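Novice: This is the structure I have questions about; it appears just below.
Computed from the coordinates by the stated procedures, all read-outs in this text should not be read as laboratory data. The structure displayed is predicted, hence computed values, not measured ones. Cβ coordinates were reconstructed from backbone atoms using ideal geometry, including for glycine residues, and neighbour counts include every protein chain displayed.
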Amino acid sequence: MPAIARPTEPAENRLLALLPSDEYERLLPKLQQVSFSLGEVVYEFGGHLDYVFFPTNSIVSLLYTMENGTSAEMGLTGNDGVVGIALFMGGGTMPNRAVVQSAGGALRMKAKVLQDEFAQGGKFQYLLLRYTQALITQISQTAVCNRLHSVEQQLCRWLLLSHDRVKADELIMTQELIADMLGVRREGVTVAAGRLQDAGAISYVRGHVKILDRHKLEQTVCECYRVVKDEFDRLLG
């Protein structure tokens, strides 16, 4: 994780941006800018966190890894939320791995500072709890989607959720990484991505996925994407 600096502009994290201006200004000195690289491990299963992270233009995947090394994504967090909810939910240790899916920046806050701020109640606590409820919906819907829907629909859901959380049409990620996130074989991702490319929805070249026609992705995706998006909008819109 490279150089650290204090934020100088209004929060690019949508969760922090919902805070009243006076509360955000009070928290601002307690936030530091950091940057994540692709594939960086933010925390491991069972580990302790010294910081909580509010992504700005990065995306972090929450993964569960089996004993045989296979993994699948439970949910993802971008500029809509926070990484490390166990710190304020009382869990203490992390129940999963968190890996950077899309490189970029984040704002970090010391664990003790977050816990003290959360204990005060107020808008900050309210927003963190609302986000947690939205994240639980995403995790639940991901489990349903991975069980009932095609790899192509799962890929569309994943691309749309990622696109919502970055300010660019191009996502840098390998098919191997996508397969790990979806918990499917790489060959399945190759076939699904090929169909979307043939339909003109995306372009995929050497680890670069470019969204060409979002409307076509929305036509192909299952209802799981809309369920998750509507719940986030309802709770934090």
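Novice: Just check the chain against the gyration tensor rule for me: Cα atoms, a ≥ b ≥ c as the square roots of the eigenvalues, rounded for a/c under 1.5, and otherwise prolate or oblate depending on whether a/b exceeds b/c.
Specialist: Details: a/c = 1.74, a/b = 1.63, b/c = 1.07.
Note, shape of the chain comes out prolate.
Novice: Which whole-number percent is the relative contact order of the range 122-237 (Cα, under 8 Å, 6+ apart)? Show your work: numbers first, answer last.
Specialist: Values: 113 pairs, mean separation 41.7, N = 116.
Relative contact order for the range 122-237 comes out at 36 percent.
Novice: Further question on the same structure: Between their Cα atoms, which of K30/K229; K112/K167; K30/K167; K110/K167; K167/K210 are more than 21 Å away from each other? Intermediate results must be reported in sequence, preceding the final value.
Specialist: Numbers: K30/K229 30 Å; K112/K167 31 Å; K30/K167 25 Å; K110/K167 27 Å; K167/K210 12 Å.
Listed pairs above 21 Å: K30/K229; K112/K167; K30/K167; K110/K167.
Novice: So, one more: In the neighborhood of Y51, defined by Cβ-to-Cβ distances under 12 Å, what is the net charge if each Lys or Arg adds +1 and each Asp or Glu adds -1?
Specialist: Values: positive: K30, R108, K110, K112; negative: D50.
Net charge around Y51: +3.
Novice: Enumerate the calculated ³J(HN,Hα) couplings along the range 53-61 in order (Karplus 6.51 cos²θ - 1.76 cosθ + 1.60, θ = phi - 60°), each rounded to whole Hz, writing x wherever the residue is Gly or Pro.
Specialist: Once rounded to whole Hz, the list reads 10, 10, x, 10, 10, 10, 10, 10, 9.
Novice: Quick one: order F45, F88 by neighbouring beta-carbon count within 10 Å, fewest to most. Walk me through the numbers before you get to the answer.
Specialist: Values: F45 13, F88 20.
With the fewest neighbours first, F45, F88 line up as F45, F88.
Novice: While we're looking at this one, here's another question. With a ≥ b ≥ c taken as the square roots of the eigenvalues of the C-alpha gyration tensor of the range 147-236, please select rounded if a/c is under 1.5 and otherwise prolate if a/b is larger than b/c or oblate if it is not?
Specialist: Working: a/c = 1.58, a/b = 1.33, b/c = 1.18.
Note, shape of the range 147-236 comes out prolate.
Novice: For L235, L135, L19, L148, what ranking results if the residue with the fewest other Cβ atoms within 10 Å of its Cβ goes first? Provide the component values of the computation, followed by the final result.
Specialist: On the way: L235 16, L135 23, L19 19, L148 11.
Lowest count first: L148, L235, L19, L135.
Novice: Assign unit charges at the C-beta atoms only (+1 for Lys and Arg, -1 for Asp and Glu), then state the dipole size of the range 147-236 relative to its Cα centre in Debye, rounded to the nearest 20. Mind dumping the intermediate values first?
Specialist: Numbers: 14 positive and 14 negative charges, 14 e Å.
In total the dipole reaches around 60 debye.
Novice: Once Lys and Arg get +1 and Asp and Glu get -1 on their Cβ, which of P55, Q32, M89 lies farthest toward the positive end of the dipole of the range 14-120?
Specialist: Towards the positive end, the residue furthest out is Q32.
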